[in-house]
Each structure stands twice: as C-alpha cells, then as structure tokens.
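K.L.:
Below is one structure. I have some questions about it.
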Amino acid sequence: MHKLDWRRNGGNIVFMLPFALLIQWFSNLCDAFFPQSNTFSSNICYICLNFFGVFLIGVASSIYQRVNIVLHAQDDLFQIIRFRYTKGNATITMWLSYLPPTVMGILAWMLTGRSQATPE
C-alpha cells in the first residue's frame, strides 16, 4: 500500500486470531463426529461434502469482501492486487495472489521429501 496502515494491520490481526481458533474448533468437531472414510460410497459422500464446503466458502468470501470492513490478510492482499494492479480483474488477481504460496508449498514439500501434516 506504499505506507503503513495501522488500522488495516490491526484489523487483520483481530480477524485472524478468532478465525484461526474457529477453524481449529470446527476441525476438531468434524473429526469427532464424522467417521473415517473406508468405503467407496463414503469417499464419494465426503468428496461431495468437500465441494459443497468450497462452494460455501466462495459465497462467504465474496460477501465479506464486498462488505470490506475487516479482511483476512490473504483476502486483503487479494483486494490490493485486484484494484491496484489488475484493473479489477478477479481471475488474474486470483492467479497472482494464490500461485506463489502454492509454488512455495510444493517446493517445500519436494525439498523436504515428506508432508508435515502426517505424524511420524
């Protein structure tokens, strides 16, 4: 943004702390209530549930970015890139904002040779 905006940075932190706690709580809740997927039909059910969840995340993200009161840091970066550098083009902005972390994650995974998410 070419300057330090304390309100924006503070809002990002205030948003991310409860957001992270809510995601962890929801993850624990899903682990407790949903059984392990061991059959083809349960895998199909979970895949459909995941697609529905991604759809809901997209709808929610669109709504709260339009309201634009306080944003998650990644979504704030998306807004900055979109309106400052890509003339409002959301498709190009999506690639610009999510491709670098994806490439870094793949490189980190390739360099370490294992996933950090699975316990040893």
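The values are calculated or read from the model by the stated rules, or taken from the named source; none is laboratory data. Please read all numbers here as calculations on a predicted model, not as lab measurements. Positions of Cβ are backbone-derived with ideal geometry, glycine not excepted, and every protein chain shown enters the neighbour counts. Areas reflect the complete protein model, heavy atoms only, side chains present, ligands, DNA and RNA absent. Shrake-Rupley method; radii C 1.70, N 1.55, O 1.52, S 1.80 Å.
K.L.:
Taking all protein chains as present, what is the carbon and sulfur share of the accessible area of the chain, in % to the nearest whole number, probe 1.4 Å?
P.N.:
71 percent
K.L.:
Which one, (i) 1.50; (ii) 1.02; (iii) 0.98, gives Rg/Rh (Cα atoms, Kirkwood Rh) as derived from the coordinates shown?
P.N.:
Among (i) 1.50; (ii) 1.02; (iii) 0.98, the one calculated here is (ii).
K.L.:
What's the local net charge at MET16, with K and R +1, D and E -1, over the other residues with C-beta under 12 Å away?
P.N.:
Value of the local net charge: -2.
K.L.:
Find the relative contact order for the chain and round it to a whole percent, using C-alpha pairs within less than 8 Å whose residues are 6+ positions apart.
P.N.:
Computed value for the chain: 24 percent relative contact order.
K.L.:
Report the Cα centroid-to-centroid distance between region 1-54 and region 63-93 in angstrom, as an integer.
P.N.:
20 Å
K.L.:
Excluding ligands, DNA and RNA, what is the solvent-accessible area per residue of region 1-102 at a probe of 1.4 Å, expressed in Å²?
P.N.:
80 Å²
K.L.:
Take each uninterrupted DSSP H stretch in the chain, measure its Cα extent along the helix axis, and return the ones at 27 Å or beyond whose mean Kyte-Doolittle hydropathy is at least 1.0.
P.N.:
In the chain, the long hydrophobic H runs are 40-67, 90-112.
K.L.:
What net charge do the residues around ILE80 carry, taking every other residue with its C-beta under 15 Å from that of ILE80, with Lys and Arg at +1 and Asp and Glu at -1?
P.N.:
Counting the neighbours of ILE80, the net charge comes to +3.
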